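Heads up, the thing below is written out as structure tokens.
The values are calculated or read from the model by the stated rules, or taken from the named source; none is laboratory data. On a predicted model such as this, the values are computed, not experimentally measured, just so you know. Cβ atoms come from the backbone with ideal geometry, glycine included; neighbour counts cover every protein chain shown.
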Amino acid sequence: MFDLKLRSSLAALFVAAWLSSPSQAADAVPAELSEADRADLARIEAYLNDLTTMESRFLQFSPEGVAEGRIMLDRPGRLRIEYAPPVPVLMVASSFLLMYHDTSLKQTTFLPVSETPAAVLIEEEIRLSGDVTVTKFERGPKAFRVTLAKTAAPAGGSVTLMFEDAPLRLAKWRVIDARGTAIDVALLEPRFGVEFENARELFSTVDPNNDIQ
């Protein structure tokens with residue numbers, strides 16, 4: 001049987017990090033940024049807004065183990081994450097709704113995209129300010145790490161986007177949920193600007209259980 005702890009950690013990938021108690025003591029604390037930092041953040045924001053489509057294999061690392069699969073992005077508004085066997089999980093975000101489907105249990109859960117970290121990648125206008133706060137910005141040799149928290153609910157978790165530079169490219173991310181559990185995802189040979197011939201089916205949030213006779 002598929003490990004229930006691993007199933008729960010998969011849900012955290014794009015679901016649990018933004019969920020927290022309704023009231024928080026204070027807003028997220030913004031990182032101290034230099035002018036160079038602000039210029040690079042503006043470049044990163046422009047890069048994310050210029051993304052149209054992406055398809056990539058991925059490896060996911062969590063305390064419960066390693067998983068792999070395929071991710072498809074069709075901006076704005078659409079995202080699909082398919083896990084490879086034996087992981088029985090499919091996640092699809094379309095417009096304002098995210099569907100989490102467990103194929104072994106035949107259970108489907110729906111959440112507003114705004115309550116999940118998926119919004120960071122698929123909203124029509126990506127802003128690294130306002131509803132989210134940059135709480136940490138790190139630079140390395142031809143690389144950047146940008147950590148984001150929900151401005152009004154920083155205890156709900158964080159998302160760190162990792163970019164290669166020259167040229168600028170999204171390469172990895174880390175989700176930390178409200179309990180401090182970290183999940184790392186690395187993109188493998190991503191392709192940008194791809195065409196999805198069956199996009200309507202790929203990004204459908206119709207409950208797969210409806211197809212079961």
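Listing for the model above:
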| item | result |
| --- | --- |
| In the range 53-73, the residues that are closer than 18 Å to Val92 by Cβ and either touching a His at 6+ places or on another chain (Cβ under 8 Å) or not acidic (Asp, Glu) (or both) | Thr53, Met54, Ser56, Arg57, Phe58, Gln60, Ala67, Gly69, Arg70, Ile71, Met72, Leu73 |
| Criterion: on the phi < 0 side of the Ramachandran plot, within 13 Å of the chain's Cα centre (by Cα), among the hydrophobic types (A, V, I, L, M, F, W, C) and buried (at least 17 other Cβ atoms within 10 Å of the Cβ) - qualifying residue of Leu128, Leu90, Leu111, Leu98 | Leu98 |
| Count of residues meeting criterion [part of a loop (DSSP other than H, G, I, E, B) and within 18 Å of Tyr47 (Cα to Cα)] in the range 131-159 | 1 |
| Subset of the range 160-213 that is among the aliphatic types (A, V, I, L, M) and in a loop (DSSP other than H, G, I, E, B) - its residue that is farthest from the chain's Cα centre (by Cα) | Ile212 |
| Among (1) over 15 Å from the mean Cα position of the chain (by Cα); (2) in contact (Cβ under 8 Å) with a residue 12 or more places away in the chain, the one test that Gly140 misses | (2) |
| Candidates Asp37, Asp27 - the one that is modelled with pLDDT under 95, among the charged types (D, E, K, R) and surrounded by fewer than 18 Cβ atoms within 10 Å (Cβ to Cβ) | Asp27 |
| Extreme residue, surrounded by the fewest Cβ atoms within 10 Å (Cβ to Cβ), among residues of the range 151-193 that are farther than 20 Å from Glu138 by Cβ and touching a Phe, Trp or Tyr at 6+ places or on another chain (Cβ under 8 Å) | Leu188 |
| Residue count for the range 143-168, restricted to those that are farther than 14 Å from Pro117 by Cα and either in contact with a Cys (Cβ under 9 Å, 6 or more places away or on another chain) or free of Cβ contacts under 8 Å to residues at least 40 places away in the same chain (or both) | 7 |
